[in-house]
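To keep things clear, I will list the structure first and then write my remarks on it.
Please treat every number below as a calculation from the coordinates, not as lab data. For clarity, every value in this text was computed on a predicted model and none was experimentally measured. Methodologically, a virtual Cβ is constructed for each residue, glycine included, from the backbone with ideal geometry; neighbour enumeration extends over all protein chains shown.
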Amino acid sequence: MDNFVAQSPANVVDITVENFQQIVLEASQEKLVLIDFWAEWCEPCKDLLPILEKLAAEYSEHMILAKVDCEAQQQVAAQFGIRNLPTVMVVQQGQPVDGFAGVQPEEQIREMLGKYLPNPEDELLAKAAEAMQSGDYAAAFPHVKSAYEINPENTDVVYLYADCLIETGAIEPAKSLLAGIKLVDQDARYQALNGKIELAEQAADTPEIRQLQAEIEANPDNLQAKVDLAVQLQQASKAEEALALLFSVLRKDLAFGDARKLMMDMVNALADGDPLKSEYRRKVYGLLY
């Protein structure tokens, strides 16, 4: 079993009489085996194969795509009683559990596999939740962002992503996410996260921040006031506003005080995968070079 996995990184194999037991009976104890019965003369088979290979690559940790050339492996095809091509069979723990004949759209095949395979975002969610439990939201961010990109309809993903956004200072994107949650899905997590947003916004409404904002409004060229306000906003989890302020200072004077160092420190402190990180790195490098 170990040798088989090592030799087939793409988890796509050809079934023969010799390896039938190893793949269909043994490997299916650990992974789902999707058997594709095909022949060279079968044009629909050629339409179906790229879809199956795409799914095999996507679910490489949990699924094996096993191809049976029914012309070359008539004995194997006969064992399964194959009458039409293409035919696809799902084998789990040595037993056929599902399948179809003919070409099916990717969405329908994906729906069938979903009954037997974990959601692709589940593993990412588990990693994110583990990091968040220890308070490391920056480490959780790339995992939960990837999970959201895979399935933005998963409410659990949306709630975790919104929590990460709040904790890493992206209040407005978090508010947008929560605004999209349907009424039926607005549970205790929804209320808790809105409470977090309210607290974060209150933290950004301190006398110090209001005073600095008033100074800048009165004197828009007061670069030091902008730097000081950026620091206060960063401490109040308003990373996006802080970065925008510091960048406006650097555009005026690239060598102004500690502005450039503060900016890079703030950018580096952002979670990997946070779009602000790549955006402001590009902007700063654009000024430098």
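Before moving on, here are some points about what is shown:
- If R0 is 45 Å, the Cβ-Cβ spacing of Glu149 and Trp41 corresponds to a FRET efficiency of close to 0.65.
- Averaged over residues, the count of other Cβ atoms within 10 Å places the peptides 235-241, 19-25, 281-287 in the sequence 235-241, 19-25, 281-287, highest first.
- Once the Cβ-Cβ distance of Gln22 and Asp98 is raised to the sixth power relative to R0 = 22 Å, the FRET efficiency obtained is 0.50.
- For the residue pairs Lys54/Lys175; Lys46/Lys145; Lys196/Lys283; Lys238/Lys277; Lys175/Lys277; Lys145/Lys238, alpha carbon separations beyond 25 Å are given by Lys54/Lys175; Lys46/Lys145; Lys196/Lys283.
- FRET efficiency, 1/(1 + (r/R0)^6) with R0 51 Å, evaluated for Leu49 and Leu288 via beta carbons: 0.55
- Measuring nothing but how far apart in sequence close Cα pairs (under 8 Å, 6+ apart) lie, relative to its length, the chain scores a relative contact order of 13 percent.
- Exposure proxy ranking, count of Cβ atoms within 10 Å, fewest first, for Val68, Val158, Val267: Val267, Val158, Val68
- Cβ-to-Cβ counts within 10 Å put Thr87, Thr155, Thr206 in ascending order as Thr206, Thr155, Thr87, the fewest first.
- Highest-first arrangement of 31-43, 104-116, 246-258, where packing means the average Cβ count within 10 Å: 31-43, 246-258, 104-116
- Zone residues, segment 203-228, relative to Lys252, backbone N less than 12 Å from point 7 Å out along Cα-to-Cβ: 215-228
- Applied to segment 37-47, the Karplus parametrisation 6.51 cos²θ - 1.76 cosθ + 1.60 on θ = phi - 60° returns per-residue 3J(HN,Hα) values of 8, 9, 8, 4, 7, 8, 5, x, 4, 6, 6 Hz, with x for Gly and Pro.
- Percent of beta bridges antiparallel (DSSP, the chain, rounded to nearest 5): 50
- Highest mean first, the peptides 222-231, 207-216, 161-170 sorted by other C-beta atoms within 10 Å per residue fall in the order 161-170, 222-231, 207-216.
- Between 0 and 90 degrees, the angle of helix 155-167 with respect to the longest Cα principal axis of the chain falls at about 30 degrees.
- Cα→Cβ-extended label distance, 7 Å offset, between Gln74 and Glu198, nm: 7.6
- Using C-alpha pairs below 8 Å separated by at least 6 residues, the relative contact order for segment 122-203 is 22 percent.
- In this Cβ point-charge picture (+1 for Lys and Arg, -1 for Asp and Glu), the chain has a dipole of about 640 debye about its Cα centre.
- Inter-label distance, nm, simple model (7 Å from Cα along the C-beta direction), Asn268/Ala244: 2.6
- Karplus 3J(HN,Hα) series, Hz, for segment 254-263 with 6.51 cos²θ - 1.76 cosθ + 1.60 (x for Gly, Pro): 4, 9, 6, x, 9, 4, 5, 5, 4, 4
- Cβ-isolated cysteines (cut-off 4.7 Å), the chain: Cys70, Cys164
- Only aspartates and glutamates eight or more places from Lys67 in sequence, or on another chain, were considered; those with a Cα closer than 13 Å are Asp14, Asp36, Glu40, Glu53.
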